[in-house]
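The values are calculated or read from the model by the stated rules, or taken from the named source; none is laboratory data. Predicted model, so just to flag it, every value in this text is computed and none were measured. Here the Cβ positions follow ideal geometry from the backbone for every residue, glycine too, while neighbour counts run over all protein chains shown.
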Amino acid sequence: MNKMLLPGTDLLASNVIAGMMRIDSLTDEQIRALHRSALEAGINFIDHADIYGGSHTCERRWAEAIKPTAAERSELIIQTKAGIVPADSMYDFSTKHLIEAAEESLRCLTTDYLDVLLLHRPDALMEPEEVAAAFDQLHTQGKVRHFGVSNHTPLQIELLKRAVTQPLVINQLQLSIAHAPLVAEGLATNMQNLPQSIDRGAGILDYCRVNDITIQAWSPFQKGFIEGAFLGDRAEYPELNDQIDSLAAKYGVEPGAIPVAWITRHPAAMQVVLGTTNPAHLASAALGSALPLSRAEWYGLFRAAGYMVP
């Protein structure tokens, strides 16, 4: 497992993350088995959000099952997210809401501090000073060590930086071989009548690289937001799956490792969030952390997903 010192932090983090979005329906033993699989794979980064499972449920279930000792907690990097209010179908980046959400996450996770707190999707009514006040209080009190965002554009981040004094060190964004506008737009800039040239991300990939913001790629096996997985979908992605299977055989891994390797091969030094609840799938996909895909292999997968390399 490759590890990286996250820019702007003192965190030596695995470049694969264990996502806890779907653990609410698991038994304690199943959660422990998933956690053991992550540790054995070399994963030390755990991703939560206050809304996962509904109202901090997955945070609480994880802590109830794992019960990490102080020594075990010190070996983990625990991240959570706040700002979405599902009951009211809205976002809330007010000082009060962010502090209350973070403190409830601390209680549910039974920890004294969060390594990272992310703003979970942009709030159209965000006032940067409100966010800054929350971050300052949480940081000064030692409750949150580092901060970041999720699904934010460059200008949304710049707006936050007008008031927030702590570095914004993470931006969690959707990325997979088949859902790669972050990458594809930059390869087809200014090409007329080509949908790939439409700039939907406002240059977010290069912005994050320039500003030492680590991208965390979520849904690494998905072909769209809710359209399902491309991995194993031979009806829509026959060539891509053929190439994945061929590379998996070449490198001696399961196919799930190849989409992970495609992301970690990128020089932006991204992390990959794996949301599976299957310990075996987690372990096999995590092997993509350090696979040395060649340029030809990387671009071959990109083209097989339907993107143009002009």
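Out of A38, A87, A63, report the one residue that is modelled with pLDDT under 95 and aliphatic (A, V, I, L, M).
Values: A38 fails: modelled with pLDDT under 95; A63 fails: modelled with pLDDT under 95.
That would be A87, the only listed residue that is modelled with pLDDT under 95 and aliphatic (A, V, I, L, M).
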The listed residue being closer than 24 Å to Q271 by Cα, out of contact with any strand residue (DSSP E or B) (no Cβ under 8 Å at 6 or more places or on another chain) and either buried (at least 22 other Cβ atoms within 10 Å of the Cβ) or among the β-branched types (V, I, T) (or both), out of I77, I157, I66
I66
So I51 clears everything in (1) in contact with a Pro (Cβ under 6 Å, 6 or more places away or on another chain); (2) more than 19 Å from V116 (Cα to Cα) except one condition, right? Which one?
(2)
From the set of residues in segment 94-121 that are touching a strand residue (DSSP E or B) at 6+ places or on another chain (Cβ under 7 Å) and not aliphatic (A, V, I, L, M), which is surrounded by the most Cβ atoms within 10 Å (Cβ to Cβ)?
S105
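What residue, among those in segment 17-41 that are within 15 Å of the chain's Cα centre (by Cα), of a type in the set (A, V, I, L, M) and surrounded by 20 or more Cβ atoms within 10 Å (Cβ to Cβ), is nearest to A63 (Cα to Cα)?
Let us first name the residues in segment 17-41 that are within 15 Å of the chain's Cα centre (by Cα), namely 17-22.
Still in the list and also of a type in the set (A, V, I, L, M): 17-18, 20-21.
Next cut, surrounded by 20 or more Cβ atoms within 10 Å (Cβ to Cβ) only: 17-18, 20.
Numbers: I17: 17, A18: 14, M20: 11 Å.
Residue satisfying both the conditions and the ranking: M20.
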Could you list, ordered by first residue, the pairs with Cβ atoms under 9 Å in which the first is in segment 261-287 and closer than 22 Å to V169 by Cβ and at pLDDT 95 or above and the second is β-branched (V, I, T) and surrounded by fewer than 21 Cβ atoms within 10 Å (Cβ to Cβ), at least 6 apart or interchain?
H266/V183
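When only residues in segment 134-154 that are under 20 Å from the mean Cα position of the chain (by Cα) and farther than 17 Å from Y91 by Cβ count, which is surrounded by the fewest Cβ atoms within 10 Å (Cβ to Cβ)?
R145
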F230 meets each of (1) touching a Lys or Arg at 6+ places or on another chain (Cβ under 7 Å); (2) surrounded by fewer than 21 Cβ atoms within 10 Å (Cβ to Cβ) with one exception, condition (2)
What is the one condition in (1) of a type in the set (G, A, S); (2) under 19 Å from Q271 (Cα atoms); (3) modelled with pLDDT under 95 that A235 does not satisfy?
(2)
Contacts under 9 angstrom Cβ, first residue in segment 91-102 being without any contact (Cβ under 8 Å) to a residue 60 or more places away in the chain and part of a loop (DSSP other than H, G, I, E, B), partner crowded, with 18+ Cβ neighbours inside 10 Å and β-branched (V, I, T), 6 or more apart:
D92/I84; F93/V131; S94/V131
Of all helices (runs of 4 or more DSSP H) completely enclosed by segment 211-310, which ones contain at least 1 residues that are aromatic (F, W, Y) and under 14 Å from N15 (Cβ atoms)?
257-264
Hey, does segment 130-139 have a residue that's at pLDDT 95 or above, among the charged types (D, E, K, R), assigned to a helix (DSSP H, G or I) and farther than 22 Å from I17 by Cα?
yes
